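Since the structure comes first, as structure tokens, the remarks are kept for the end.
The values are calculated or read from the model by the stated rules, or taken from the named source; none is laboratory data. Treat the numbers as computed from the prediction; the structure is a model and nothing was measured. Neighbour counts are summed over all protein chains in view; Cβ atoms, including those assigned to glycine, are modelled from backbone coordinates with ideal geometry. Accessible surface is based on the protein model in full, side chains and every heavy atom, while ligands, DNA and RNA are left aside. Shrake-Rupley method; radii C 1.70, N 1.55, O 1.52, S 1.80 Å.
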Amino acid sequence: MSKSIIRVESLHKSYVTGSNSLHVLKGINLDIQQGEMVSIMGSSGSGKSTLLNILGILDNYDAGGYYLDGIHIQKMSETRAAQYRNKYIGFVFQSFNLISFKNAMENVALPLYYQGIRRKKRNQIALEYLDRLGLKDWAEHLPSELSGGQKQRVAIARALISKPKIILADEPTGALDSQTSLEVMEILKDVNNTGISIIIVTHENDIAERTQRIIRLKDGIIETDKKNGNAKKQITESVIIP
Ligand code: ADP
Ligand code: MG
């Protein structure tokens, strides 16, 4: 049997603002194996981002349990949370979240800065990752000089540079046209082929159809959790990571 990289048990989360409380997650149970490529669907406001933020240790939960690679993730210091994020997780967002005044190479290198790696070394490694994503010639360009698809490839390179076990992607194709969206999905599949687990939040069916498993959230619980026979596992060698 393969290993659970993510295990969630009876997870609850409410947002409290003033005297109002909004119960968003009402008992989520989830088990994701190392190497799976999963999509999370559900209508706007169904709690997809809330769940992803908890999985990424960007937010706390109220009740239940979250185990990341068998480690019980509970309320912890920001330093500790950052250590686990660095070790396990790469993030990809709809809005790319690149730093506008840093070029592509510097954006990709940023996680290595936080690991205390010196500038020359981290830029060299960043160039290697940009090269793998077909963006070597764009290393010196600012995000404003890149297309949406190129920006998302830079963001994926940045997510990969700390060698995560999991990529969490919140609507990664939400700001892209359909052709570019499919290209980004091919890259993510390629990343998945290297053994990295990928969880993609999306409300687009044709994106979810490209993942091996589709989870639907509704009214705070998992409504369905199905293997997707349409998504064939790629048999080609990865070009992203040798
Ligand atoms: P989705 O990503 O599926 O669109 P979210 O997880 O972002 O949904 O939000 C779920 C619900 O929680 C929504 O009703 C949203 O308005 C609310 N919500 C999200 N974040 C916060 C917050 N920080 N404070 C209060 N309410 C929030
Ligand atoms: Mg969302």
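Brief remarks on what is shown
- Prolate/oblate/rounded call for the stretch 8-88, Cα gyration tensor, a/c under 1.5 rounded: oblate
- Seen against the Cα atoms of the chain and their longest principal axis, helix 104-114 is set at about 60 degrees.
- When the solvent-accessible area of the chain is split by element, carbon and sulfur atoms take up 49 percent of it, the probe being 1.4 Å.
- In order through the stretch 213-230: 3J(HN,Hα) via Karplus (6.51 cos²θ - 1.76 cosθ + 1.60), integer Hz, x for Gly, Pro: 8, 10, 10, 10, 9, 8, 6, x, 10, 7, 7, 9, 8, 10, 5, 10, x, 6
- In sequence order, the stretch 15-27 has phi-based couplings of 9, 10, 10, x, 9, 9, 10, 10, 7, 8, 10, 10, x Hz under the Karplus curve 6.51 cos²θ - 1.76 cosθ + 1.60, θ = phi - 60°, and Gly or Pro positions carry x.
- Among beta bridges identified by DSSP and lying wholly in the chain, the antiparallel ones come to about 55 percent.
- Prolate/oblate/rounded call for the stretch 116-168, Cα gyration tensor, a/c under 1.5 rounded: oblate
- Between 0 and 90°, nearest 10: helix 178-193 axis offset from the chain longest Cα axis: 80 degrees
- Label positions at residue 209 and residue 15, each projected 7 Å from the Cα along the C-beta direction, are separated by 3.2 nm.
- Order by protection proxy (mean Cβ within 10 Å, highest first), peptides 95-107, 207-219: 207-219, 95-107
- Solvent-accessible heavy-atom area per residue, rounded to whole Å², over the stretch 123-242 at 1.4 Å: 47 Å²
- Placing +1 on the Cβ of every Lys and Arg and -1 on the Cβ of every Asp and Glu, with nothing else charged, gives the chain a dipole about its Cα centre of roughly 800 debye.
- Each peptide in 178-186, 78-86 gets a packing score, the mean of other Cβ atoms within 10 Å over its residues, and the list from highest to lowest is 178-186, 78-86.
- Prolate/oblate/rounded call for the stretch 44-183, Cα gyration tensor, a/c under 1.5 rounded: oblate
- With Cα atoms, 0 to 90° folded angle of helix 78-88 axis to the chain main axis: 70 degrees
- Gained length - residue 60 relative to residue 22, 0.36 nm times residue gap less alpha-carbon distance: 12.2 nm
- Straight-line reach from residue 227: taking Cα to Cα under 30 Å and skipping same-chain neighbours fewer than 8 places apart, the lysines in range are 3, 13, 26, 48, 87, 163, 165, 189, 218.
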